[in-house]
Amino acid sequence: MLRYGLTAKKKLGQNFLIDAHVCEKILKAADVQEGDVVLEIGPGIGSLTQGILERAGEAGQVVAVELDKQLVGVLGDLFGSRENFSLVQDDILRVDLAAILPPRRDVKVVANLPYYITTPVILSLLESPLSIRSITIMLQKEVAQRMAAKPGTKDYGSLTLAVQYHAKVSVAANVPVNCFLPRPGVDSAVAHLEILNKPPVDVDREIFFRIIHGAFGQRRKTLLNALFAAGFGENKEQLAAAIESCGLSPSVRGEALGMEEFARLAEALGDLHKL
Ligand code: SAM
């Protein structure tokens, strides 16, 4: 950064990784193999890029998307001569990924992005028609815990289910603030999302996620009251009967229910939603 006269731009969430052990843990979790196609989002000054390029090898392809024009210049100097590297200066929330990635190839994603865009980026990657195999991403620690949470815990909620509907989630490393330059204000963690071949439950997705948002929108309410407030059922008796038909108590709280139980509710409550 000194050589290029650069300072970190706060508005682009630039906290660069300066700890080799953490870089190694991320690369290990991402499991980049010879010949892989890797999408790196927010490569910064290349702390992870070097290792990704080495692991993907000459047969692989690394596509990096970086928003900051100055950093694109630096990355071009560092890695521009490598045939297996392409660099795109764009906003990851706007770029057409299908146009910059090689067609019909599985993709592993590695990202360390500003924390205010990590959740929308993950959700849009999970919903995208691209063939994404895994996402290994630095997150605010609490967000990583929410994505990996189990039912009945305080971290469990609609984000957990939105992510676990598509992926098996693990926390690969906890990363303290001193691993970055400059130091961020919050602790971080690396989450690894292994994308599932198909969702773990076979449901009408719209109803399924409406139920989940209804149940967690009002966390302190019973399932009956939360879902009634979210527009399910003509009256509470009808809704209570439908909930009981799933083998659940209407007085249970949403946070106690696993994916399977929400799937049963989606089956039973599909016709009860007032649009
Ligand atoms: N990966 C590097 C590392 O680990 O040191 C940099 C991480 S830094 C937290 C985030 C990087 O994402 C910065 O280089 C920043 O310029 C870039 N960035 C910020 N917003 C972006 C966006 N919308 N699209 C692509 N890159 C973005």
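Using DSSP to define loop residues, name the trypsin sites (Lys or Arg not before Pro) in the stretch 94-159 whose beta-carbon has at most 12 other beta-carbon atoms within 10 Å.
Answer by residue number: 94, 104, 154.
The convex hull drawn around the Cα atoms of the stretch 93-134, when projected onto a plane and averaged over every direction, covers 3.0 nm². A simple count of charges around residue 65, restricted to other residues whose Cβ falls under 9 Å of its Cβ and scoring Lys, Arg +1 and Asp, Glu -1, yields -4. Shape of the stretch 80-222 from its Cα gyration tensor (a ≥ b ≥ c, root eigenvalues): rounded if a/c is under 1.5, otherwise prolate when a/b > b/c, or oblate? The shape class here is oblate.
Identify the trypsin sites (Lys or Arg not before Pro) of the stretch 1-71 meeting these criteria: DSSP loop state and at most 10 other C-beta atoms within 10 Å of the C-beta.
3
Across the chain, the convex hull enclosing all Cα atoms gives 133 Å³ per residue.
Shape descriptor for the stretch 9-76: Rg over Rh equals 0.97 (Cα atoms; Rh from the Kirkwood inverse mean 1/r). Calculation over all alpha carbon pairs of the stretch 230-275 in 5 angstrom steps from 0 returns a P(r) of 5, 23, 34, 28, 9, 1 percent.
The spread of Cα positions in the stretch 126-172, taken along each principal axis and listed from longest to shortest, comes to 33, 19, 13 Å.
Compute the length gained on full extension between residue 131 and residue 98: take 0.36 nm times their separation in residues and subtract their Cα-Cα distance, giving the result in nm to one decimal.
Extra length available between residue 131 and residue 98 comes to 10.9 nm.
Would you mind calculating the gained length between residue 20 and residue 123 on full extension (0.36 nm times residue separation, minus the Cα-Cα distance), in nm to one decimal?
Gain in length upon complete extension: 34.2 nm.
Projected onto its three principal axes, the C-alpha set of the stretch 207-246 covers 21, 19, 17 Å, listed from the longest axis down. Cross-link reach is defined here as a Cα-Cα straight distance under 15 Å, omitting same-chain residues fewer than 8 places apart; for residue 154 the aspartates and glutamates meeting it are 142, 255. Converting the Cα gyration tensor eigenvalues of the stretch 158-209 into ellipsoid dimensions via √(5λ) gives semi-axes, longest first, of 32, 12, 6 Å.
Along the Cα-to-Cβ line of residue 33, 7 Å from the Cα, sits a label point; which residues in the stretch 44-73 have backbone N less than 18 Å from it? Correct set: 52-62. Relative contact order for the chain: 15 percent, from Cα pairs under 8 Å spaced at least 6 residues apart, divided by residue count. Exposed loop sites here are GluC sites (Glu not before Pro) assigned a DSSP state other than H, G, I, E or B and surrounded by at most 12 other beta carbons within 10 Å; excluding them, the longest clear run of the chain is 84-233.
Summary value for the stretch 56-147: 25 percent relative contact order, contacts being C-alpha pairs under 8 angstrom separated by 6+ residues. As a proxy for reagent exposure, ranking 45, 211 by other Cβ atoms within 10 Å from fewest up yields 45, 211. The alpha-carbon atoms of the stretch 52-114 define a convex hull whose volume equals 96 cubic angstrom per residue.
Counting neighbouring beta carbons within 10 Å and listing from fewest to most, the residues 138, 1, 259 come out as 1, 259, 138.
Taken along the Cα-to-beta-carbon direction at a fixed 7 Å, the label points for residue 204 and residue 59 span 4.7 nm. Eigenvalues of the alpha-carbon gyration tensor of the stretch 25-134, scaled by 5 and square-rooted, set the equivalent ellipsoid semi-axes at 18, 17, 13 angstrom, largest first.
Once the convex hull of all Cα atoms in the stretch 151-264 is built, its volume per residue stands at 124 Å³.
Every read-out reported here was derived from the displayed coordinates using simple, explicitly stated rules and does not represent laboratory data. On a predicted model such as this, the values are computed, not experimentally measured, just so you know. Cβ coordinates were reconstructed from backbone atoms using ideal geometry, including for glycine residues, and neighbour counts include every protein chain displayed.
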